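One structure is given here, and the rest of the page talks about it.
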Amino acid sequence: MALARRSSNLLKPLSTASSSSFLHRRPFSTDDSTTITIETSVPFTGHNCEPPSRSIDTTPKELMTFFTDMALMRRMEIAADSLYKSKLIRGFCHLYDGQEAVSIGMEAAITKKDCIITAYRDHCIFLGRGGTLLESFAELMGRQGGCSRGKGGSMHFYKKDACFFGGHGIVGAQVPLGCGLAFAQKYRKEDHVTFTIIITMVWVQLNGELQRVLLITSVGIYVPGLKVDGMDAFAVKQACKFAKEHALKNGPIILEMDTYRYHGHSMSDPGSTYRTRDEISGVRQERDPIERIRKLILAHDIANEKELKDIEKLARKEVDEAIAKAKESPMPDETELFTNVYRKGYGVESFGADRKELRATLP
Amino acid sequence: MATNLRRFKRFGSVFINNSSPLRGLSSSSAVLGSVDGQVQQPGTGTGKSINLYTAINQALQIALDSDPRSYIFGEDVGFGGVFRCTTGLADQFGKHRVFNTPLCEQGIVGFGIGLAAMGNRAIAEIQFADYIFPAFDQIVNEAAKFRYRSGNEFNCGGLTIRTPYGAVGHGGHYHSQSPEAFFCHVPGLKVVIPRSPKEAKGLLLSSIREPNPVVFFEPKWLYRLAVEEVPEGDYMLPLSEAEVIREGSDITLVGWGAQLAIMEQACVDAEKEGISCELIDLRTLIPWDKETVEASVRKTGRLLISHEAPVTGGFGAEISASIVERCFLRLEAPVARVCGLDTPFPLVFEPFYMPNKNKILDAIKDTVNY
């Protein structure tokens, strides 16, 4: 772990600072506004651009928020795994655990007016955008209380008020959409950018020069890029901040987030045929994004082991409570099968077998 | 196609001993094949009981073995594919004949067209039929028209696109669709859908050796579920020949693929109420066997079509229109269609969306009592 100890003397033990996590608030023993300077795990590698510095400032508050939020994401995905196995989640389910630092670091660098669009591995991106556990689990289980009213399922989480344009089912299909979002931002002369997430790459558009994307590798020759340790939330934060500035000034940039997915591709992939169990446990031991933050917190005496364990316990409790609540949410009304196919009230008809008696005007 | 009536008699009793509806749909008109397309009747009782994906695997193995110019490619096929249809083939035939492609359906089909245009048998896999749409341009504008627009100088007849289609009970929006009707609107293509392991093996070998591009939809619900005896050797089943898989006198039911198992159940239930149903597996959707369907409707006077795809613009509409043209004066009731609803394929609402047994049974009764 690369860590600049020089900053630790700046730490002053203090009273009730609190986490601004989307989860919960609790007091910590350190002044949350103290600046701590740390170094990213590895240097950035730039392509057609000068990479940003490895050194980044943070605060105890931010460290605690990162830890809390990532612990929650991790717990949510593990719970989703068992819900799927007990057949409470149907459809397809792609889990994010191991990659939490990407969502967390990205959110720390941008605002909710910057757009995000992603593929099907969207649960934690939704949470990072400010979505709730209850909305997530309700959607996963196809309940009315879900963020897409139970009609989307695992791959189709959306949050319009936080400019999250959702989970998309078809690999790569979201990339041109992201170009469109970015172009709209540019056309409106907004100071915002679009982050298009494709598998583990984040393709940040400038406020949008349109590029025709066929394969990311072919684009990669011309578009500047940055290789980032996607297991280090601070490296991701630094890179996303850099990318946003770059995009606003110069144009699109590709961030290659070197990250690691602990689960298989989807629930039907055990994730162990193309890699060894040793490889997975090695990554867990050496590169885990949550462990990295835990070590930073302990090294700076921001919280002790027990407090961090308590946070994880609390995450587990909140997840369990959200699941219980989500299970209470009813399944969508049967008439919802016919809603949202077209704009409401346009009189489009749906037909049954005989095309005469059995017909309904779509609501 | 004129052999249909003969087939009724010859194979009419094949289902008597089968209680399971999936097994009950076993193929009855298999013919032995050879590389040059000569077809013969297979011997009986030579096969082992295998499931549908194993039957597909056997067909692919035979295709690679019998023609050194055949290739299999697609997403993950090198590892055996997500449904295990290509298991072991890369090991047996080498990575230059069975290989993975990038995640780019347009590229997969385009590559297949080029490969086929050089006189090879290109067997492309699109991982799910829901993913075939990026390749739609290549299939419709390149593959289907290559022969026509070059005045027969070029063609990609060696191209076969395999793709799993249909519901599985919990597939959601993008792993459940049945897009066959889109491809039935494209002259120059053939569209084939098998209903069982034995059918799948014979029809796939015919499709691969067919001198026209074929889109071959595999019912993914049946990959593991459908088990029947399949001849071990090389055999082919004729394309564009429908098969009467259950004889009856009151109403004709037409379907294809996984839906036939559901229709069979409805036929059994209808029989208990004294309605005799004739069930036809269309097998090839274009060019389809109008004669067999027409002959049956002339006998029964009633027609019901069922498919999983949405009812509006589905291939059932084409069958209905054609049969009304041919049998207008013989029809005793309007043609019934029991199909998917006109909504996107739903997630939690799949049971409502599906044309299930009871919907079909109701439509059978309504049509017979019209």
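With respect to the conditions (1) more than 13 Å from the chain's Cα centre (by Cα); (2) of a type outside the set (Lys, Arg); (3) within 14 Å of chain B (Cβ to nearest Cβ), residue A:114 lacks only one, and its number is (3). How many residues, within segment B:324-343, are part of a loop (DSSP other than H, G, I, E, B) and either over 30 Å from residue B:221 (Cα atoms) or facing chain A (nearest Cβ under 7 Å) (or both)? Qualifying residue count for the region: 10.
The residues on offer are B:252, B:284, and the sole one that is over 13 Å from the mean Cα position of the chain (by Cα), crowded, with 19+ Cβ neighbours inside 10 Å and of a type in the set (S, T, N, Q) is B:252.
Table: residues versus (1) buried (at least 17 other Cβ atoms within 10 Å of the Cβ); (2) touching a Pro at 6+ places or on another chain (Cβ under 9 Å); (3) of a type in the set (A, V, I, L, M).
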| site | (1), (2), (3) |
| --- | --- |
| B:289 | yes, no, no |
| B:296 | yes, no, no |
| B:305 | yes, no, yes |
| B:348 | yes, yes, yes |
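Taking (1) farther than 22 Å from residue A:315 by Cβ; (2) surrounded by 21 or more Cβ atoms within 10 Å (Cβ to Cβ); (3) more than 14 Å from chain B (Cβ to nearest Cβ) in turn, residue A:163 satisfies each apart from (2). In segment B:315-346, the qualifying residues are those that are touching a Lys or Arg at 6+ places or on another chain (Cβ under 9 Å) and among the hydroxyl-bearing types (Ser, Thr, Tyr), and the one that is surrounded by the fewest Cβ atoms within 10 Å (Cβ to Cβ) is B:322. A count restricted to segment A:329-349 and to residues that are assigned to a helix (DSSP H, G or I) and at pLDDT below 80 stands at 0. Residues that are at negative phi, away from chain A (no Cβ under 14 Å), not in a helix (DSSP H, G or I) and not β-branched (Val, Ile, Thr) within segment B:80-111 comprise B:85, B:95, B:96, B:97, B:99, listed in sequence order. Contact annotation: residue pairs with Cβ atoms under 8 Å, 6 or more positions apart or on different chains, pairing a residue in segment B:344-369 that is more than 8 Å from chain A (Cβ to nearest Cβ) and more than 22 Å from residue B:175 (Cα to Cα) with a partner that is of a type in the set (Lys, Arg) and part of a loop (DSSP other than H, G, I, E, B), are B:367/B:302; B:368/B:302.
The values are calculated or read from the model by the stated rules, or taken from the named source; none is laboratory data. Note that this is a predicted model, so its numbers are computed, not measured. No Cβ is skipped: glycine too gets one built from the backbone with ideal geometry, and neighbour counts run over all protein chains shown.
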